[in-house]
Amino acid sequence: MWYESRVADKISYAGYEAEAMFRRLVPFSIDTTSPSKGDVRVILGGVEHYVEVKSCRSVKGGIANQVRAIKYLTIAIHTPARKTAWIVFPANVVLKYVMQKARGQHSEVPFENATVSLGEWADEFACTSEELPRRVMGAIFEAGRYPDLKRSMDLLMYDLKRLSYRARDEVEQILGGERPPYWVGDDNGT
């Protein structure tokens, strides 16, 4: 099949497969209109919530890659090799886990992008396909009990973007032979 040609394609296809299964199993879920916000939209009480859907084919343990805790989303992980086919983490639980990491998967900031080991805490959040709709709804409501966490992650995202713009300006100035106005250090730039 077309998706067996490359490892990256296999990973992507597994994600699409898990998203399609999630939408079939959770009656109040629909396609996302904005993938950057989340993989699937869940409508509860007329309110739209985004859910990140991942796939992990490991029988025991396993890792969920590229978990973006900064988005403060419920994460549903399809685990077809286990007796319980799904693991559903509320956003606040994901933050509690990720905040203990010294750095992220691809950056210094663990909240931006982290790996999450499923072996340590998966059983508590595991569920069958039949239980999935109830678990997703519970996870969304659980995370909603902590609006300050959501605000904190929104502020972190804002600060990271602002810092990125500042760094771009600084690089542009240095490459242009200028010294940024807020430069701190001696004449050697240290």
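In region 36-59, which residues are over 13 Å from the mean Cα position of the chain (by Cα) and more than 22 Å from residue 96 (Cα to Cα)? Hits for region 36-59 are 41, 42, 43, 44, 45, 46, 47, 48, 57, 58, 59. Annotation note: of 35, 27, the sole residue that is without any contact (Cβ under 8 Å) to a residue 24 or more places away in the chain, surrounded by fewer than 13 Cβ atoms within 10 Å (Cβ to Cβ) and either touching a helix residue (DSSP H, G or I) at 6+ places or on another chain (Cβ under 9 Å) or not charged (D, E, K, R) (or both) is 35.
Taking region 29-67, which residues are within 16 Å of residue 94 (Cα to Cα) and of a type in the set (Val, Ile, Thr)? 51, 53, 63, 67 - these are the residues of region 29-67 that are within 16 Å of residue 94 (Cα to Cα) and of a type in the set (Val, Ile, Thr). Using the structure shown, decide if residue 151 is surrounded by fewer than 16 Cβ atoms within 10 Å (Cβ to Cβ) and either at pLDDT 95 or above or in contact with a Leu (Cβ under 9 Å, 6 or more places away or on another chain) (or both). Against the criterion (surrounded by fewer than 16 Cβ atoms within 10 Å (Cβ to Cβ) and either at pLDDT 95 or above or in contact with a Leu (Cβ under 9 Å, 6 or more places away or on another chain) (or both)), residue 151 qualifies. Filtering region 38-55 to residues that are of a type outside the set (Val, Ile, Thr) and free of Cβ contacts under 8 Å to residues at least 40 places away in the same chain leaves 38, 39, 41, 45, 46, 48, 50, 52, 54. One residue alone among 164, 117 is surrounded by fewer than 16 Cβ atoms within 10 Å (Cβ to Cβ) and at pLDDT 85 or above, and that residue is 164.
Can you tell me how many residues in region 1-44 are under 23 Å from residue 127 (Cα atoms) and at pLDDT 90 or above? Qualifying residue count, region 1-44: 19.
Listed by first and then second residue, the pairs linking a residue in region 114-141 that is within 9 Å of residue 88 (Cα to Cα) to a residue that is of a type in the set (Ser, Thr, Tyr) and modelled with pLDDT under 95, with Cβ atoms under 8 Å apart and 6 or more places separating them unless they lie on different chains, are 122/79; 126/79; 126/84; 127/84; 136/29. The criterion of at least 2 residues that are within 24 Å of residue 18 (Cα to Cα) and over 16 Å from the mean Cα position of the chain (by Cα) is met, among helices (runs of 4 or more DSSP H) falling completely within region 64-177, by 122-125, 132-144. Taking the criterion of being assigned to a loop (DSSP other than H, G, I, E, B) and surrounded by 13 or more Cβ atoms within 10 Å (Cβ to Cβ), the residues of region 38-56 that qualify are 38, 39, 56.
The values are calculated or read from the model by the stated rules, or taken from the named source; none is laboratory data. What you are looking at is a predicted structure, and each value in this text was computed from that prediction instead of being measured. Positions of Cβ are generated from backbone atoms using ideal geometry, with glycine treated the same way; all protein chains shown enter the neighbour counts.
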